[in-house]
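Report on the structure given below.
The values are calculated or read from the model by the stated rules, or taken from the named source; none is laboratory data. In this text, all values refer to a predicted model and were calculated from it rather than measured experimentally. Note: ideal-geometry Cβ built from the backbone for every residue, glycine included; neighbour counts use all protein chains shown. Note: areas computed on protein heavy atoms with side chains; ligands, DNA, RNA excluded. Shrake-Rupley method; radii C 1.70, N 1.55, O 1.52, S 1.80 Å.
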Amino acid sequence: DRKPSRRDRLIVVALDMFTRYGVRRTSIEDIAREARIAKGSVYLEFRAKEDVFRAAAEHLVAEVLEAAIAAAARDGSLEDRLTELLFAKFWRLYDLVHSRPHARELIDAKDAVAADVLRAADDRYADLLVGTLTAAPKRGLWRPQRPHTSREIAGVLLRTAHGTAYGAG
């Protein structure tokens with residue numbers, strides 16, 4: 001195991017603080033104090049708090065996608081694989097939102113700071129669902145009874161998990 005870099009440690013600390021106290025209430029000074037480094041050392045890694053926020057969002061989605069990729073690669077029934085794939089994303093986010101009072105600020109970032117990060121992660125996650133569904137008939141795991149495409153079925157699963165407004169506008 002390699003020792004995490006100062007940047008990695010700062011991202012983990014910032015993610016923890018953003019989800020506990022909120023983005024607005026967490027300052028660079030707070031992050032530095034919690035990481036036990038000088039404020040100037042934070043600025044050696046990040047230009048501004050928005051950059052720390054973006055890195056924290058990237059860290060969170062990388063964690064979710066890593067778990068989803070592992071779930072998609074597992075052997076087993078289609079039901080088990082889809083369950084694990086959905087669990088990898090939605091249980092992690094559910095748990096985070098329900099255990100941290102300000103986690104939603106990070107996940108619902110619709111602003112320019114991390115919106116593209118979250119959108120790209122959602123697209124990658126949808127591709128994992130589509131790939132899992134597409135491969136299932138070829139592996140003898142599923143015989144679709146209706147002529148829906150894997151992308152349409154993945155869309156239904158995502159709208160069900162996210163809510164019906166998912167992907168609108």
Apply the Karplus parameterisation 6.51 cos²θ - 1.76 cosθ + 1.60, with θ equal to phi minus 60°, to every residue of the stretch 45-59 and state each ³J(HN,Hα) to the nearest whole Hz, in sequence, with x for glycine and proline.
9, 9, 6, 7, 4, 4, 5, 5, 4, 4, 5, 5, 5, 4, 4
Pop the C-beta distance of residue 127 and residue 77 into the FRET formula with R0 = 22 Å and round what comes out to the nearest 0.05.
0.55
Any chance you could give the angle, 0 to 90 degrees and rounded to 10, that helix 150-162 forms with the longest Cα principal axis of the chain?
50 degrees
If the convex hull is drawn through the Cα atoms of the chain, its volume per residue in Å³
130 Å³
Would you please give the FRET efficiency between residue 95 and residue 1, computed as 1/(1 + (r/R0)^6) with r the Cβ-Cβ distance and R0 = 25 Å, to the nearest 0.05?
0.50
What FRET efficiency would be calculated for the residue pair residue 36, residue 70, taking the C-beta separation as r and a Förster radius of 35 Å, to the nearest 0.05?
0.60
Fluctuation leader among 33, 100, 54 - the chain, Gaussian network, Cα springs under 10 angstrom:
33
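Can you give me the accessible area per residue for the chain, using a 1.4 Å probe, in Å²? It would help to have the intermediate numbers written out before the result.
Details: 10330 Å² over 169 residues.
Accessible surface, normalised per residue, equals 61 Å².
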Percent of accessible area on the chain owned by carbon and sulfur, 1.4 Å probe?
52 percent
